[in-house]
Amino acid sequence: MDNVPMLTILGLLPLIGALLAFVVRGRAGRALAMAVALLTLALGLTVFFGTPGWDVSETVSWIPQIGAWYALSVDGMGKAMVLLTVILVPIVLLAEWRIDEVRIFSHELPRWSSNVFGAFVLMLEGFALFVFMSADVLLFYLFFEATLIPMFFLIQGWGGPRRGRAALKFLLYSLAGGLIMLFAVVGVYAATSRAGQPSFLIADVANTQIGGSLEQYLFVGFFIAFAVKAPMVPVHSWLPDAAEQATPGATTLLVGVLDKIGTFGMIRLCLQMFPNASAWATPLVIVLAAVSVIYGALMAISSRNLLRLVAYTSVSHFGFMVLGIFAFTSASLTGSIFYMLAHGFSSAAMFLVVGFLLYRRGSAEIAAFGGVEKVAPVLAGVFLVSGLATLGLPGTANFVGEFTIMTGAWPTQPVAVAVAVVGTVLAAVYVLWAYQRVFTGQTTPQVVEHVTTDVDVRERLVVAPLIALLLVFGFVPQPMIDVVSSTAAATMTHVGMSDPQPGSMGGK
C-alpha cells in the first residue's frame, strides 16, 4: 500500500471519468458519472480515514531546471477539503439528475445533455482535488486556473437567461486574479533563486528567508487572487451574479468547493510562505474581513432573489473565515478550517433546497412564493433546518466554527470580533425573514399552480446526508477538530506566533 500513489489516483479518477462521460451519451453517461463520483468518494474516504502509518505524500521531479516538482500531500486541512469535495460531488449529481428533462428558470431546456453536465462536474472535482493536494506552487497555480474551465461551462451551458454575462464576469474576475498570481509565482522563482537554489516546493519556499518589500509584493499577489476566489469585499460582485444564473448544483460546487480554495490558499501559501508579510497586512485584511461579514449580511437581507441571498450569506461567512485566519491564534485558525468544511455542507443544503423551489416554480424570486408550507410542509421544514444551520444555531457545525473563530480571535482582534457578533444577529434576520416571506402566510395562486408536490425520495436523499453531517459535526466536532488542528499548529509555527496568555491581548 505504501507504493500505491493514492493521491494521484484520487485526482486522476474523476478526470478519466469525465473523459468517458463525454463519450457515453444520454442516461448511460449520467449513470457513469455517478458511478465514478461514488468510486472517488470511496477512495477519498480511504485517504481521509487512512491509518496514521500511511505516507500520504508523493514527490517526483518535474522540471528540475526551474525547481518545479510534481508534489502532492495532504495535511489535516487538506484531508478536510478532500472530504468536502468527494461528498458534495455525488450529491450534486443526484440533485441535478433530471437536468436535461426539466425547464430551468422558466426558459428553454439545456442545450447539452446530462452526461456532459456530469463530465464537467467530474472535471471540476479532479482539478479541485489536485489543488487541495498540491505541495508545489507551480502545480497549485496550474490546477487553480484549470478549475475555471469546467465551472465556466457549467454556468454557460445550463444557467438562466443571463448566464452568458454571469459566466463571463466569473471568468474575467478569476482570470484577473490568476494573472496577478502568475506574476507572484514568477517572483517565488526569483526569490528562491536568489537564496541559492530555485524551488517551487511550498516547504522550500516557507524555509526561504525572503523578507523586505519582495515578500510583501509576493503576498499581495497571492492574496488578491485568493480574495477574488473566496470571495471578499470589494472583489466579490461576480458571485451573486453567478449564483443567480447558474443551476443550484453548479452553484453548490462553486461556493462549497471552489471558493474554499481562496481561504485554503491563504493558509497554505500566504501564511506559510510569507509570514512577515502576512503580519504586515493583517490590519487591512481584518478590516476587509469585518466589512465582508456585515456587508454580506446586509445585502442578503435586501436580496429579492433566493439564490442571490444565499450567495451574499457566503460573502459574510467567508469574512468570518478570513478573520479567524488572520487573528493568528491556534483556536481561530482551527475554527476557520473547521468552518470551511461546515460552510461547505450548509451552503450546499441551502442552494439545493432553493433548487427544489426553483425547479417547481421556475423562479427563485422571493415575490414568486408565499405560503409554501401549506402545500409542501417537508420542503418548508428542510429549508428551515438548513437555514438554522446557516445562521449558526447551537448544535450545528456552523455554530462550532463561528464560536471557535470568535473565541480564538478575541484576544488579538476584539473589535473585529464585536463586529462579527453583529453579523451573527443579522444572519438570523436574513434567514428567518426569507422563511417567513416564502413559506408562511396565505398560499398564493401561483404556488398552488406550480408547487404541486412535496420533497420526493430523490430530493430527500440529496439533503438528508448534508443535514446529518451538519448535526454530527455540530454535536460531535472534536474528531474533526483533532484532524484540522495539526494544520493550525504548523501554521502558527511558520508565522512565528504564539497563543496569547489567558487574560492578555495580542500574540507574540
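Values computed for the structure shown
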read-out: Backbone HN-Hα couplings from phi across the range 305-316 [Karplus 6.51/-1.76/1.60, Hz, Gly and Pro as x]; value: 10, 5, 5, 5, 4, 5, 4, 5, 4, 5, 4, 5
read-out: Highest to lowest packing among 321-331, 58-68, scored as the average C-beta count within 10 Å; value: 321-331, 58-68
read-out: Proportion of all alpha-carbon pairs of the chain beyond 46 Å (%); value: 8
read-out: 0 to 90° range, to nearest 10: angle between helix 76-95 axis and the chain longest Cα axis; value: 20
read-out: Convex hull volume of the range 131-214 per residue (C-alpha atoms, cubic angstrom); value: 88
read-out: Relative contact order %, the range 6-495, counting alpha carbon pairs below 8 Å whose residues are six or more apart; value: 16
read-out: Gap separating the Cα centres of the range 387-434 and the range 215-283, nearest whole Å; value: 20
read-out: HN-Hα J in Hz across the range 224-229 - Karplus 6.51, -1.76, 1.60, θ = phi - 60°, x for Gly and Pro; value: 4, 4, 6, 5, 5, 5
read-out: Inter-centroid distance (Cα atoms) of the range 1-70 relative to the range 145-210, Å; value: 22
read-out: Cα-based Kirkwood hydrodynamic radius, the range 399-475, one decimal, Å; value: 16.1
read-out: Sorted by Cβ neighbour density within 10 Å, fewest at the top, the residues 424, 251, 40; value: 424, 40, 251
read-out: Total lysine pairs under 30 Å (Cα atoms) in the range 6-495, excluding pairs fewer than 8 apart on one chain; value: 5
read-out: Residue order, fewest to most beta carbons within 10 Å, for 96, 365; value: 365, 96
read-out: Residue order, fewest to most surrounding Cβ atoms within 10 angstrom, among 181, 6; value: 6, 181
read-out: Table column - 3J(HN,Hα) (Hz), the range 388-400, Karplus curve with 6.51, -1.76, 1.60, x for Gly and Pro; value: 5, 5, 5, 7, x, 5, x, x, 10, 5, 4, 4, 4
read-out: Calculated Rg and Dmax of the range 236-301 using C-alpha coordinates, Å; value: 14.5, 41
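Only the coordinates and a few stated rules stand behind these numbers; no lab work does. All figures in this text were calculated on a predicted structure; none of them were measured in a lab. A quick note on method: Cβ atoms are made from the backbone with ideal geometry, for glycine too, and the neighbour counts reach across all protein chains shown.
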